[in-house]
Amino acid sequence: MQATIDRDAGLSELVKLDTARALASGLGFTEGPVWVAADNCLLFTDIPNNRIYRWRPDGDGLEVYREPSRNANGLTLDRAGRLLACEHSGRQVTRATYGEPETTLVARFDGRRFNSPNDIVEHSSGAIYFTDPTYGLADLYGAQKELPFQGVYRLAPDGAVTCVERGFTQPNGLVFSPDERYLYIGDSADRFVKRFAVEPDGSLSTGEIFVDMRDYQQPGAPDGMRVDTSGRLWTTGRGGVWVVEPSGALLGILCLPELPANIAFGGAGNATIFLPSRTSVFAVDTLVQGVIVGPR
């Protein structure tokens with residue numbers, strides 16, 4: 001398969017284009033990748049087919065890790081190695097010891113059901129942040145929207161839930177900077193990524209636009225994102241994967257045969273990017289190391 005770079009301002013020095021390869025195809029809509037180092041595998045979701053899949057570098061095809069998944073979207077691992085999942089039809093966030101059944105972690109805010117939790121990250125404090133757009137509601141027959149906004153939430157280690165941001169149209173992917181001073185959050189309706197300073201109490205400062213895709217006339221929108229150890233933001237978006245320096249300078253856009261919806265670092269040295277891309281999953285080796293998700 002072929003991968004190319006648009007607007008190259010240094011991205012070609014960070015990725016090995018000739019290693020681009022397809023790991024799976026013929027799926028529904030792939031999302032939510034997370035690398036599980038303890039099991040040397042990739043987990044990712046197929047939202048319409050109601051499954052979480054597992055792919056192993058030395059395996060033969062895909063395994064079904066969880067079915068039904070309640071149309072899970074974003075996945076991550078917490079510091080204890082437990083799998084956290086945002087569920088569209090479940091309208092909740094679940095947690096499970098790896099390989100074991102899941103339990104509900106949080107499903108309501110102020111007594112009202114979430115819209116459809118989408119993507120999720122964990123802070124080193126143990127607090128969990130997740131986004132809650134309305135995308136999953138459109139797929140649920142008869143589902144009623146109960147919250148009057150699309151929020152970003154913080155679940156504290158003691159179980160307290162706060163809405164840390166409610167100014168987005170459709171909040172989607174999110175990721176901390178390596179030092180956790182900042183939280184990046186994408187709005188897939190308004191097509192920009194905002195950067196928020198993380199306050200000592202876990203709240204967020206007023207955000208500023210960090211990546212603006214509105215004038216780039218290609219299909220796609222900000223969605224899943226990760227950072228590398230040098231602080232570069234790798235976010236799926238219009239045309240492909242945007243790689244942006246901490247200064248905000250765009251290094252280029254990685255373009256693949258299908259538009260990526262999400263991204264995860266993993267593999268040997270945490271230096272491969274895995275890219276669920278509509279009906280397929282691709283991988284490309286890099287010359288950088290991603291920030292580890294899960295146990296350190």
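The values are calculated or read from the model by the stated rules, or taken from the named source; none is laboratory data. The model shown is predicted, which means the values in this text are computed figures rather than measured ones. Virtual Cβ from ideal backbone geometry, glycine too; neighbours counted across all protein chains shown.
For VAL211, state whether it is of a type in the set (A, V, I, L, M), out of contact with any Asp or Glu (no Cβ under 7 Å at 6 or more places or on another chain), crowded, with 20+ Cβ neighbours inside 10 Å and within 16 Å of VAL284 (Cα to Cα). The answer is no for VAL211.
When the strands (runs of 3 or more DSSP E) confined to segment 33-94 are screened for residues that are at negative phi, without any contact (Cβ under 8 Å) to a residue 60 or more places away in the chain and within 14 Å of the chain's Cα centre (by Cα), those reaching at least 3 such residues are found at 83-87. Once segment 188-199 is narrowed to residues that are within 16 Å of CYS163 (Cα to Cα) and free of Cβ contacts under 8 Å to residues at least 40 places away in the same chain, the residue that is surrounded by the fewest Cβ atoms within 10 Å (Cβ to Cβ) is GLU199. For GLY202, the conditions (1) more than 19 Å from the chain's Cα centre (by Cα); (2) without any contact (Cβ under 8 Å) to a residue 60 or more places away in the chain all hold with the exception of (2). Mind checking whether some residue in segment 60-82 is modelled with pLDDT under 95 and not β-branched (Val, Ile, Thr)? Yes - at least one qualifying residue is present in segment 60-82.
Looking for something in contact with a helix residue (DSSP H, G or I) (Cβ under 6 Å, 6 or more places away or on another chain) and either crowded, with 21+ Cβ neighbours inside 10 Å or modelled with pLDDT under 95 (or both) - is there at least one such residue anywhere in segment 122-137? Checked against the condition, which is being in contact with a helix residue (DSSP H, G or I) (Cβ under 6 Å, 6 or more places away or on another chain) and either crowded, with 21+ Cβ neighbours inside 10 Å or modelled with pLDDT under 95 (or both), segment 122-137 yields no hits at all. Taking the criterion of being hydrophobic (A, V, I, L, M, F, W, C) and closer than 18 Å to GLY248 by Cα, the residues of segment 168-197 that qualify are LEU174, VAL175, PHE176, LEU183, ILE185, PHE192, VAL193, PHE196, ALA197. Residue check: GLU165 meets all listed conditions (1) over 30 Å from GLY252 (Cβ atoms); (2) surrounded by 22 or more Cβ atoms within 10 Å (Cβ to Cβ); (3) acidic (Asp, Glu); (4) in contact (Cβ under 8 Å) with a residue 40 or more places away in the chain but one, namely (1).
For first residues located in segment 13-28 and part of a strand (DSSP E or B), partners that are modelled with pLDDT under 95 and lie 6+ apart or on another chain with Cβ distances below 9 Å form the pairs ARG21/MET1; ALA22/MET1; ALA24/GLY61.
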